[in-house]
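Asks: Mind looking over this structure? Questions follow.
The values are calculated or read from the model by the stated rules, or taken from the named source; none is laboratory data. Everything quoted here is computed from the prediction, not taken from an experiment. Neighbour counts are summed over all protein chains in view; Cβ atoms, including those assigned to glycine, are modelled from backbone coordinates with ideal geometry.
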Amino acid sequence: MLEALDETGFTWLFNAVPDATLVTDESGTIVAANPRAAALFGWTREALHGMKVEALMPERFRAHHPEKHAQYCATPSTREMGAGRSFVALRHDGTEFPAEISLSPLRDDLPNMVLVAIRDVSERRSAEQRLFRERERAMVTLTSIADAVITTDPAGVVDYLNPAAERLTGRSMAAALGQPLDRVLPLVSDLSGNPVESPIVLYLRRGPGGPEEQVSLRLQGRLLPIAYNVAPLSDSEGKFNGVVVVFRDVVEQRGLARRLAHEATHDSLTGLVNRGEFERRLLRALDPSRAGRPATLCYMDLDRFKGVNDRWGHMAGDDALRQAAAVVGAQVRQRDTLARLGGDEFAALLENCSLDEGIRLARKVQQAVRDHRFAWRDETFHLGISVGVVALDPESDPASLLLAADGACYASKDRGGVTVEVARLGKSFARRG
């Protein structure tokens, strides 16, 4: 049969094409097979000649093939490879593989002769399945993770949101698709509340990497603190194809950070500033840039406090400390720093306050503590407080100032806690009744 077409070079082309190619007659019998067909199916070309084409299919598909072949021969037309024509092929060794076929009628003078090209698509199908599995895995991951994810095209137009992003932004996927990123993710500064640059603009300016950004997401009637990172998306050739923005709600994280910071700088019993934070603020008050601004340090020690612990126990003592902190706190100014240094010792840093003003305030503290009726369950008792004061000297240091004020407080306690004792660095105490 091929000899009839030799004048057109058909035989040479038939044998040279890279796809497995057969010629079948009107009955579906193979009348010619090229070398590639023999290699693909594992038969010799001679063995393929005279074989029914359905013999190259698994048994389960053979019954319907003659009918389909007859239908094609009745209305022959060229059907291109991949145009919805695929089947499962069978090799000589019994193994199966997915294949695509194209069908073309031969010349009019060879009626019902069909040129069949067959292509093994095993590798392509495997690659497609791998890609499908990877995509499914990625989609399941994006759907299930707690972080919100938005992707955009190169122009910054949103093309995907995961469910977490829908929840945080309050926008559905359908409403967000095709919208500019700035509209779906309107970001503002935590400090000023003014709009900040879009994540895609940030990426184009800064490039990949960089620290996590801390901003707020403007929602209807409120601001939601978030942290986000932005990374580029690239196509198979490495060309910039948009960005992926990963962000999360940091309200709880910031609240925890504030609580930890507060706990690190405050006394857990009274809620006052602790010793470490007080010394840091005292050092700051001694900075040369604050020269010329008077400030006074008060050192205070509760009187008769040990008797409370001895009589009613430490729970009563703790409650007395809390009450004392409230009484003293009501006397100092709002801008002053009141601290519990430890045990029953307190200190106050009175900034923009002269020594004389500090002494007057210390007397008020003593009177308020003496007048307060401390209560523990059904019992009431009175306490006193000894106070030593010292004017801040920029040439000194926190440790020296605290030591001097503590010495003055000790002198006040020796006199029954009814006086305010003044310490002058390098000099003896001066009694102020």
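Asks: Inspect all residues belonging to the range 332-339 and state whether any of them is under 27 Å from Ala423 (Cα atoms), surrounded by 13 or more Cβ atoms within 10 Å (Cβ to Cβ) and within 38 Å of the chain's Cα centre (by Cα).
Replies: Yes, the conditions are met somewhere in the range 332-339.
Asks: I need the full set of residues from the range 344-363 which are part of a helix (DSSP H, G or I) and farther than 24 Å from His266 by Cβ, in order please.
Replies: Listed by number, the residues that qualify are Leu355, Asp356, Glu357, Ile359, Arg360, Arg363.
Asks: Same structure, new question: Considering the range 135-183 alone, what residues qualify as being polar (S, T, N, Q) and outside any loop (DSSP other than H, G, I, E, B)?
Replies: Thr141, Thr143, Ser144, Thr151, Thr152, Thr169
Asks: Let me ask something else. How many of the residues making up the range 42-72 are in a helix (DSSP H, G or I) and out of contact with any strand residue (DSSP E or B) (no Cβ under 7 Å at 6 or more places or on another chain)?
Replies: Residues in the range 42-72 being in a helix (DSSP H, G or I) and out of contact with any strand residue (DSSP E or B) (no Cβ under 7 Å at 6 or more places or on another chain): 14 in total.
Asks: Here's a follow-up. Report yes if some residue within the range 207-226 is free of Cβ contacts under 8 Å to residues at least 60 places away in the same chain, closer than 21 Å to Asp147 by Cα, in contact with a helix residue (DSSP H, G or I) (Cβ under 6 Å, 6 or more places away or on another chain) and surrounded by 15 or more Cβ atoms within 10 Å (Cβ to Cβ); otherwise report no.
Replies: Looking for residues that are free of Cβ contacts under 8 Å to residues at least 60 places away in the same chain, closer than 21 Å to Asp147 by Cα, in contact with a helix residue (DSSP H, G or I) (Cβ under 6 Å, 6 or more places away or on another chain) and surrounded by 15 or more Cβ atoms within 10 Å (Cβ to Cβ), one finds at least one in the range 207-226, hence yes.
Asks: Return yes when Asp235 is charged (D, E, K, R), more than 16 Å from Glu166 (Cα to Cα) and in contact with a Ser or Thr (Cβ under 9 Å, 6 or more places away or on another chain) and no when it is not.
Replies: No.
Asks: Between a residue in the range 54-77 that is under 17 Å from Met113 (Cβ atoms) and touching a residue at least 40 places away in the same chain (Cβ under 8 Å) and any residue that is surrounded by fewer than 16 Cβ atoms within 10 Å (Cβ to Cβ) and not small (Gly, Ala, Ser), which pairs come within a Cβ distance under 6 Å, given they are 6 or more apart or on different chains?
Replies: Listed by first residue and then by second, the contacts come to Cys73/Glu26.
Asks: Among the residues of the range 248-262, is any in a helix (DSSP H, G or I), within 30 Å of Val328 (Cα to Cα), in contact (Cβ under 8 Å) with a residue 60 or more places away in the chain and not assigned by TED's automatic domain parsing to the domain that holds Gly156?
Replies: Within the range 248-262, none of the residues are in a helix (DSSP H, G or I), within 30 Å of Val328 (Cα to Cα), in contact (Cβ under 8 Å) with a residue 60 or more places away in the chain and not assigned by TED's automatic domain parsing to the domain that holds Gly156.
Every residue, every condition in (1) closer than 22 Å to Leu272 by Cα; (2) polar (S, T, N, Q); (3) in a loop (DSSP other than H, G, I, E, B), yes or no:
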{"position": "Ala339", "(1), (2), (3)": "yes, no, no"}
{"position": "Val365", "(1), (2), (3)": "yes, no, no"}
{"position": "Ser386", "(1), (2), (3)": "yes, yes, no"}
{"position": "Val389", "(1), (2), (3)": "yes, no, no"}
{"position": "Pro394", "(1), (2), (3)": "no, no, yes"}
{"position": "Ser400", "(1), (2), (3)": "no, yes, no"}
{"position": "Gly407", "(1), (2), (3)": "no, no, no"}
{"position": "Lys413", "(1), (2), (3)": "no, no, no"}
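Asks: Suppose the filter is more than 46 Å from the chain's Cα centre (by Cα) and assigned by TED's automatic domain parsing to the domain that holds Thr419; does Arg322 pass it?
Replies: Spelling it out, it is not the case that Arg322 is more than 46 Å from the chain's Cα centre (by Cα) and assigned by TED's automatic domain parsing to the domain that holds Thr419.
Asks: Can I ask one more? Hey, any hits in the range 236-259 for a residue that's loosely packed, with under 11 Cβ neighbours inside 10 Å and under 30 Å from Ala324 (Cα atoms)?
Replies: Scanning the range 236-259 turns up at least one residue that is loosely packed, with under 11 Cβ neighbours inside 10 Å and under 30 Å from Ala324 (Cα atoms).
Asks: Then there's this: Just name the residue that is nearest to Leu341 (Cα to Cα) out of those in the range 361-383 that are modelled with pLDDT of 95 or more and of a type in the set (Gly, Ala, Ser).
Replies: Ala362
Asks: Does Arg370 count as in contact with a strand residue (DSSP E or B) (Cβ under 9 Å, 6 or more places away or on another chain) and either touching a residue at least 60 places away in the same chain (Cβ under 8 Å) or not in a helix (DSSP H, G or I) (or both)?
Replies: No; evaluated as a whole, the condition is false for this residue.
Asks: Let me ask something else. Looking only at the range 378-427, count how many residues are in contact (Cβ under 8 Å) with a residue 12 or more places away in the chain and of a type in the set (D, E, K, R).
Replies: 8
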